[in-house]
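Report on the structure given below.
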DNA sequence: CTTGAACCTATAGTAACTATAGGTTCTATA
DNA sequence: TATAGAACCTATAGTTACTATAGGTTCAAG
């Protein structure tokens, strides 16, 4: 029994990914060039589905394309160990932690501005938010 | 007594912004076309500094260029009230809140994967992280 | 008056796709 | 089996918010 075959549209549906994105991933070398029909349509099989899932899930975790290329290299090449993958995951976790901290600072700044502007019925040149944007260092570091 | 004048380089330094970015903001209509010297160099004054500060700080709060155009419209045109600005700030706060929640989910997913992969000395095809990326819905919604 | 830093314009590159145009193939139905 | 139209193909341009480059001109200090 053969593997099941998928058109690019079916692959896209299975992985919640657009057809154009699959084209794009092929162009940049993340996805392999698959076999084609007589007429030139791409034909995919299960390993393609799994690989594309891997890519999309890694993207959803915030990995950049270049990082995903490295992750795939660990997988495609023999003689790699789990620790290399774990290290990248930990690195990514610290990047995400930073982003969360940035956004939380930003959120405080916005909330403070909103609280200042209690009534909302002042002319714009009296607005505390506008004032803050003009004159304050709105997003602090610490 | 005249206002002080600034070259584009001085303006950039005062606002922690690159010269190219000022060019860009002028091209897209965020910054006005300033007067020029005989030789064609741009000449700025204090209102330009304040406006650019406003733009940069709004960007630091995560506002998009199109939103900043609207904020500036409130300021440039008469007859706008603080409430319009406040509404945009609140809208932005909720966008930021969403992003924080997304990143926190993402962080949990990464941490769980990292914990699973305790030793780091397994071959890659036995790695729990790789396995998760291949087969799990890594970033849940709730 | 000369030198070199700073400025000028215009264009291309970045990340990670998305959208469009214009044409071909596949497949379901009459 | 003929055909309509959905899905596919390639190539190119657009998106966001800049950044970088090339190739030339102006300004300011010595």
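What follows is calculated from the coordinates using simple rules that are stated; it is not laboratory data. These numbers come from a predicted model, not from an experiment. No Cβ is skipped: glycine too gets one built from the backbone with ideal geometry, and neighbour counts run over all protein chains shown.
Does region A:1-80 classify as rounded, prolate or oblate by the C-alpha gyration tensor (a ≥ b ≥ c root eigenvalues; a/c under 1.5 gives rounded; else a/b over b/c gives prolate, otherwise oblate)?
It comes out prolate by the Cα gyration axes.
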Fill in the blank from the handout: Expressed in nanometres to one decimal, the distance between label points 7 Å along Cα→Cβ at residue B:87 and residue A:5 is 5.6 nm
Problem - Top of B:125, B:76, B:102 by mean-square fluctuation, Gaussian network on chain B, Cα under 10 Å - result: B:125
Exercise for the section: Once you have the Cα-Cα distance between residue A:13 and residue A:104, take 0.36 nm times their residue separation minus that, and quote the gain in nm to one decimal. Expected result: 29.2 nm
Practice task
Could you work out, residue by residue across B:58-68, how many beta carbons of other chains sit within 10 Å of that residue's beta carbon, and then give the average as an integer?
Solution key: 3
Fill in the blank from the handout: For residue A:65, inter-copy label-point distances (7 Å, Cα→Cβ), nm, shortest first, read 2.1
Practice task
Using Cα centres only, tell me the gap between region B:51-89 and region A:15-80 in whole Å.
Solution key: 41 Å
Handout entry: Label distances, nm, residue A:29 versus same residue in remaining copies, Cβ-directed 7 Å point
Key = 4.2
Fill in the blank from the handout: Taking B:44, B:24, A:25 and counting other beta carbon atoms within 10 angstrom, the fewest-first order is B:24, A:25, B:44
Problem - Estimated [θ] at 222 nm from DSSP helical runs (n ≥ 4, -39500 (n - 2.57)) normalised by residues in the protein assembly as shown, nearest 500 - result: -20000 deg cm²/dmol
Handout entry: region A:46-92 shape via C-alpha gyration tensor axes, a/c threshold 1.5
Key = oblate
Completion exercise
Per the C-alpha gyration tensor (a ≥ b ≥ c, the square roots of its eigenvalues), the protein assembly as shown is rounded if a/c is under 1.5, else prolate if a/b beats b/c, else oblate; here it's prolate
